[in-house]
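Novice: Sharing a structure below in structure tokens format, with a few things to ask.
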Amino acid sequence: MTKRAERAQRTQGENEAGPALAHLVEPMLAGMTSTRHHLLAWVHAQGLAALDELFREEAVALAGRKGRHQVQRTHHHWGTTATELTFGGRRVQVRRPRVRGTAGGEASLPSVAAFRDRDPLTARMMQQLVAGVSTRQYEASLEAPPSGRRSRGSSKSAVSRTVVRQTRQRLAVQLTRRLEGLEVVALFLDGVVVAQQTVIVALGITRDGRKEPLGLRLGSTENAVVCTELLQDLLARGLPLAGRVLCVIDGGKGLRKALGDVLGDAAVIQRCQLHKGRNLDALVPKTRQAYVRAARRRAYRATSAPAARRQLTALATWLERNGHADAAASVREGLEETLTVLKLGLPPALRRFFATTNCIENLIGTLRHVTRNIKRWRDGDMRRRWLGLGLLRAAERFRRIKRHSELGALVTALGAVTASERAA
């Protein structure tokens, strides 16, 4: 038998076995689905029964057992009432006993007050929306509600109202909070385009290595006016800048001008080396990009700023000799600001971290992820709310930077620059 005939026979056998296997698997899947539904119903029943028992015990603790005389009674039983509590991502109506004080007024059961204070419904909604579930599909994404219980709060309009209210409140708290307590040693600033509108984001690195979202501004472009407003707002909210601060930017002229206008010489600028490399790649042909990249990487990995400067100058000269004047001009433009981390003499780990805007690019990636399913942007308030939600989502996942214990070297280096200028 030829190999082609063997393959045909094997394929035919597999095709014939397919329906047989499907008949075997289908009952198993149906049984698993049914078991899951029954288990969920059992869990709901047990949870609600435990909740009813908790309510009864608390009512007895306040008013004593029903039908027993108590001389020093301070409360008495007063029937039952319907109460809404969050259960499975929606509000479910349950019955609870009512307790009234002998002096008048209804007493609140401790568990009811606790459940309402830590209402997890908003957190569940936010989690679902960040995961990509639309307000229309929120109810469908939840488990089946407890049988025989009225529920609400999971419709499109209810979810939309809750999300609008909570995101507006949380954004206001985040973007208006005072910043006096933060010891910021570095600032990352960058822009992202969302719904044809530029958003400027500021991220701070504190002395203990924490990442703190500080603010955002919406504008038509990444221009100096918008960037200046953002920086002035940070200072108005009490951002402490006792000495110099390292500012890492992508090279945008608007950001660079705003830092000079607002912070003056207190801003020590580090231009992103990755952005500089991307700009350079766009100006040289593909056949020479590998050589240019290798030369640029060797320069940025040099052990000192003078060595890196010599290598970059040699690269610019080579580009000019080979007919790439624009690329040579790009290498020379802002050359000194791409070497700031080398001039400061930072440890290798911190030098790599502060040499690029990767830190804030990660935050911007979260903003894009959170807003990816929005098809219709109504106004600026909606943009701010969703961007604020992305900002808070990113902050929840932040970790302290690697080798944060070495940040003292950055503080010392920035202080040495200030001290040397004062002496001069």
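Novice: If the reach is capped at under 21 angstrom between alpha carbons, list the lysines near Lys276, excluding any in the same chain fewer than eight residues apart.
Specialist: Candidates past the 8-residue exclusion: Lys253, Lys257, Lys286, Lys343.
Novice: At Arg332 and Gln46, where each label point lies 7 Å from the Cα along Cα→Cβ, what is the point-to-point distance in nanometres?
Specialist: Output for this residue pair reads 7.7 nm.
Novice: What nm value, rounded to one decimal, do you get for the distance between Arg100 and Val164 when each label is placed 7 Å out toward the C-beta?
Specialist: According to this spin-label approximation, the distance is 4.0 nm.
Novice: If you don't mind, another one. Figure the gain on full extension for Tyr291 and Gln70 (residue separation times 0.36 nm, minus the Cα-Cα span) and round it to one decimal in nm.
Specialist: Here the segment from Tyr291 to Gln70 would lengthen by 70.3 nm.
Novice: Hey, can you rank 169-182, 369-382, 341-354 by average C-beta count inside 10 Å, highest first?
Specialist: By packing density, highest mean first, the sequence is 341-354, 169-182, 369-382.
Novice: Computed FRET efficiency, Cβ-Cβ of Ala314 and Leu235, R0 56 Å: what is it to the nearest 0.05?
Specialist: After rounding to 0.05, the efficiency reads 0.85.
Novice: Dividing the alpha-carbon radius of gyration of segment 302-346 by 2.2 N^0.38 Å (N being the number of residues), what value is obtained?
Specialist: It is 1.20.
Novice: Okay, next question. What lysines sit close enough to Lys375 to cross-link, taking a C-alpha to C-alpha distance under 19 Å and skipping anything fewer than 8 places away on the same chain?
Specialist: Lys156
Novice: Per-residue counts of other Cβ atoms within 10 Å, averaged by peptide: what ranking do you get for 359-368, 51-60, highest first?
Specialist: 359-368, 51-60
Novice: When the Cα centres of segment 362-398 and segment 195-237 are compared, how far apart do they sit, in Å?
Specialist: Cα centres, segment 362-398 to segment 195-237: 15 Å.
Novice: Moving on to the next point. Where both residues lie in segment 193-282, what percent of DSSP beta bridges are antiparallel, nearest 5?
Specialist: Within segment 193-282, antiparallel bridges account for around 65 percent of the total.
Computed from the coordinates by the stated procedures, all read-outs in this text should not be read as laboratory data. Only a predicted model underlies this, so the values are computations on that prediction, with no experimental measurement involved. When we count neighbours, we look across all protein chains shown, and the Cβ atoms used for this are built from the backbone with ideal geometry, even at glycine.
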